[in-house]
Amino acid sequence: MCGIIGYVGDREIVPILVEGLRKLEYRGYDSAGICVLDSGVLKAVKKEGKISELEKEESLRWISGKAGIAHTRWATHGKPDEINAHPHFDCENKIAIVHNGIIENYQALKKILIKEGHTIKSETDSEIIAHLIEKFYEGDLEEAVTKALELIEGAYGLAVLSSKEEKIIAAKKGSPLVIGIGDDEMFVASDVSPILGYTNKIIYLSDGEIAIIAKDRYLIKNLDGKKIDKEVHEIEGSIKEIEKGNFKHFMIKEIFEQPDVIESTIRGRIKGNRIKLNLDIDPKKIKRIILIACGTSWHSALIGKYIIEKYAGIPCEVDYASEFRYRNPLINEDDLVIAISQSGETADTIAALKEAKGKGAKALGIVNVVGSTISREVDSGIYLHAGPETGVASTKAFTSQVIALLMFSLFIRQEKGEEVDKVIFEEMGKLPGKIRKVLESSKKIREIAIMFKDKNNFLYFGRGINFPVALEGALKLKEISYIHAEGYPAAEMKHGPIALIDKNMPVVFLATKSPLSSKTLSNMEEVYARGGKIISIANEPTPEIQKFSEEMITVPETIEELSPIINVISLQLLAYHIADLKGLDVDKPRNLAKSVTVE
Ligand code: F6R
């Protein structure tokens, strides 16, 4: 996720672009830049850091013009610095582009362009687009953009400016882009928030569409050059509401983003039945894998252990980063330590990583925030590409961590020369659709939340790969609703927690199909016999599950390794609805911070 704003018109342009970036800052904020066509020259200012850093730039005050583009970045390729910040330029500084999305074949295109004499300055995939347009430019920007897009594989929301024409060409595929229609002025942006102060007339571009916007006209075409008549929407609503879309809180917005996030984490990393990851490791030299993390990320690590041992065939340990750092762990040079973190800034995880590296282990990161401390400390890693997570309770980072761990395990298996069952790839492809199905249950889950919101305690039981999901479900509930909740492996119940069960105890059971289904059913029966109120997460209402359950949430069936992703979403929704019904500040629960940068 990054933010784009472009403007063509007579107003003072720099304040419009900078103010626009401020409104888009929630989409990414590690670097920013603007470019304005000023007396036939493309003048740009780029800055690492937040928009406030860009605003401090003295040179901005000397720029004026009638067409400009700007971008706030959430890095995906290349660290967040001035060179990698957008806009990017061709060799001659005659074409400027801002881009959201990922160009999957940029390495191949980069090689060709370098051979043809182009000098590529940044580490980004996006810069390639400016050079491709340069390659095809023969006096008609629209034609050059169209030809460039024909070669690009991947996703883009794109705005292009040339030093020769007072207009912007915008194009969309897989990354949102809207056009704002004013009186003698036009806007393009990645969402309506920076536009609404000026006009409420909006066109939503669809995939495969190109918009040509000048001060007093616009034209929308498809990639074959055919003109398209688009509906002009009249928008009402405040900016804050728009950042959250139609959602009441960031947490629920982020829960609903998960189908797209999973696609984004996978994008460009699976080709046919092969995994493509740039990892600086030799799988044959790894004798042990140690996963270190905190909180929700630690839960995804627990799931990772099951998957790594099954597919990579390497013994795997999981440790709380806060414990690992102080227990003087025995580490060898053939150990691989993987730090898992959404923020990449968690103090305990950073310290544990340093401890492992200091003892000679190879280090990888599975991190969301590009350029964060952990991403810089590791030898290589996998970025989640989940976009900024704003709600304090982690949701989309968790599910994308699980899919990243699965891709990592399959990659190791493949590199060791072992076969990967193609069913796994098929199921990964179906995952976004199946998550959407779970999200459709949100209303039903809210009804269940109404029934249970006043309980003081909850138990969550799961087995095998869904035991960590029970822990995560309990954590989600306690951190945002302040209801005491505990997760257990279902079979552990008889060793103590069963004493807690009576008619006042809600017990959430992860009862989707697995090799341990019959054992889970026996555990359910034990709870049922003691009057516990069971909420089951299951694939289908079998007579036994129906008999034992007070309430049931049905979710689509998938392979066991992906079931935690499907199952956890119903638990995220349950926690969210309970906390919301209790009138709590869901996005900022008491005593918690989004990034725990202290010990
Ligand atoms: C829970 C939650 C925390 C974080 C933990 C680690 O919803 O968000 O438990 O998972 O503080 O944070 P990261 O993943 O940023 O290292």
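Does K305 meet the test of being within 29 Å of A474 (Cβ to Cβ) and away from the ligand (no atom under 16 Å from the Cβ)?
Details: within 29 Å of A474 (Cβ to Cβ): yes; away from the ligand (no atom under 16 Å from the Cβ): yes.
The answer is yes for K305.
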*Restricting the search to the range 475-492, which residues are within 11 Å of the ligand (Cβ to nearest atom) and either without any contact (Cβ under 8 Å) to a residue 60 or more places away in the chain or aliphatic (A, V, I, L, M) (or both)?*
L475, L477, K478, I480
*Single condition I448 does not satisfy, out of (1) among the hydrophobic types (A, V, I, L, M, F, W, C); (2) more than 16 Å from the ligand (Cβ to nearest atom); (3) within 14 Å of I565 (Cα to Cα)*: (3)
*P589 fails exactly one of the following numbered conditions: (1) surrounded by fewer than 18 Cβ atoms within 10 Å (Cβ to Cβ); (2) in a loop (DSSP other than H, G, I, E, B); (3) of a type outside the set (A, V, I, L, M). What is the number of that condition?*
(1)
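Can you go through R463, R413 and tell me which one is of a type outside the set (F, W, Y), away from the ligand (no atom under 16 Å from the Cβ) and under 24 Å from T520 (Cα atoms)? Steps first, answer last, please.
Details: R413 fails: under 24 Å from T520 (Cα atoms).
R463 is the lone residue from the list that is of a type outside the set (F, W, Y), away from the ligand (no atom under 16 Å from the Cβ) and under 24 Å from T520 (Cα atoms).
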*asked:* For the range 57-78: of the residues being modelled with pLDDT of 90 or more and of a type in the set (S, T, N, Q), which is surrounded by the most Cβ atoms within 10 Å (Cβ to Cβ)?
replied: T72
*Identify the single condition in (1) more than 16 Å from the ligand (Cβ to nearest atom); (2) within 26 Å of D348 (Cβ to Cβ) that S264 does not satisfy, given that it satisfies every other one.*
(2)
_Residues that are among the acidic types (D, E) and over 24 Å from V18 (Cα atoms), drawn from the range 69-111_ = E92, E104
*Residues within the range 79-101 that are closer than 20 Å to G387 by Cα, in contact with an Asp or Glu (Cβ under 6 Å, 6 or more places away or on another chain) and either surrounded by 24 or more Cβ atoms within 10 Å (Cβ to Cβ) or of a type in the set (A, V, I, L, M, F, W, C) (or both), tallied*: 1
*Going through the range 51-103 one residue at a time, which ones are in a helix (DSSP H, G or I), among the hydrophobic types (A, V, I, L, M, F, W, C) and under 22 Å from S162 (Cβ atoms)?*
L60, W62
_Given (1) of a type in the set (S, T, N, Q); (2) over 28 Å from Q401 (Cβ atoms); (3) free of Cβ contacts under 8 Å to residues at least 40 places away in the same chain, index of the condition S517 fails_ = (2)
*Please determine, by comparing only the residues of the range 269-283 that are more than 23 Å from E427 (Cα to Cα) and either in contact with a helix residue (DSSP H, G or I) (Cβ under 8 Å, 6 or more places away or on another chain) or aliphatic (A, V, I, L, M) (or both), which one is nearest to the ligand (Cβ to nearest atom).*
L279
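Somewhere in the range 133-152, is a residue within 23 Å of the chain's Cα centre (by Cα) and touching a residue at least 24 places away in the same chain (Cβ under 8 Å)? Quick ask: steps written out before the conclusion?
Looking only at the range 133-152, we keep the residues that are within 23 Å of the chain's Cα centre (by Cα), and these are 152.
Keeping just the survivors that are touching a residue at least 24 places away in the same chain (Cβ under 8 Å) gives 152.
The answer is yes; a qualifying residue exists.
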*Selection count, the range 561-599, where residues are over 24 Å from E486 (Cβ atoms), away from the ligand (no atom under 14 Å from the Cβ) and more than 19 Å from the chain's Cα centre (by Cα)*: 2
*Condition test on F425, is it within 19 Å of I303 (Cα to Cα), more than 16 Å from the ligand (Cβ to nearest atom) and of a type outside the set (D, E)?*
yes
*Does A312 satisfy the criteria of being in contact with a helix residue (DSSP H, G or I) (Cβ under 7 Å, 6 or more places away or on another chain), small (G, A, S) and closer than 26 Å to I559 by Cα?*
yes
*Restricting the range 32-56 to residues that are in contact with a Ser or Thr (Cβ under 9 Å, 6 or more places away or on another chain) and hydrophobic (A, V, I, L, M, F, W, C), the residue that is surrounded by the most Cβ atoms within 10 Å (Cβ to Cβ)*: A32
*Is there a residue being over 26 Å from the mean Cα position of the chain (by Cα) and surrounded by fewer than 17 Cβ atoms within 10 Å (Cβ to Cβ) anywhere in the range 469-485?*
yes
*asked:* Quick check on the range 26-45. Is at least one of its residues among the charged types (D, E, K, R) and in contact with a helix residue (DSSP H, G or I) (Cβ under 6 Å, 6 or more places away or on another chain)?
replied: no
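Hey, can you tell me all the residues within the range 297-318 that are buried (at least 18 other Cβ atoms within 10 Å of the Cβ) and in contact with a Lys or Arg (Cβ under 8 Å, 6 or more places away or on another chain)? Step through it out loud before you land on a result.
Looking only at the range 297-318, we keep the residues that are buried (at least 18 other Cβ atoms within 10 Å of the Cβ), and these are 297-308, 311-312, 316, 318.
Y311, A312, C316, V318 - these are the residues of the range 297-318 that are buried (at least 18 other Cβ atoms within 10 Å of the Cβ) and in contact with a Lys or Arg (Cβ under 8 Å, 6 or more places away or on another chain).
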*Residue by residue through the range 165-207, note down the ones that are outside any strand (DSSP E or B) and over 22 Å from E257 (Cα atoms).*
G182, D183, D184, E185, I195, L196, G197, Y198, T199, N200
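On the phi < 0 side of the Ramachandran plot, in contact with a Ser or Thr (Cβ under 6 Å, 6 or more places away or on another chain) and part of a helix (DSSP H, G or I), is that true of E427?
Answer is yes for this residue.
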*Report, by residue number, each residue of the range 526-573 that is without any contact (Cβ under 8 Å) to a residue 24 or more places away in the chain and part of a helix (DSSP H, G or I).*
Y528, A529, P543, E544, Q546, K547
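The values are calculated or read from the model by the stated rules, or taken from the named source; none is laboratory data. On a predicted model such as this, the values are computed, not experimentally measured, just so you know. Cβ atoms come from the backbone with ideal geometry, glycine included; neighbour counts cover every protein chain shown.
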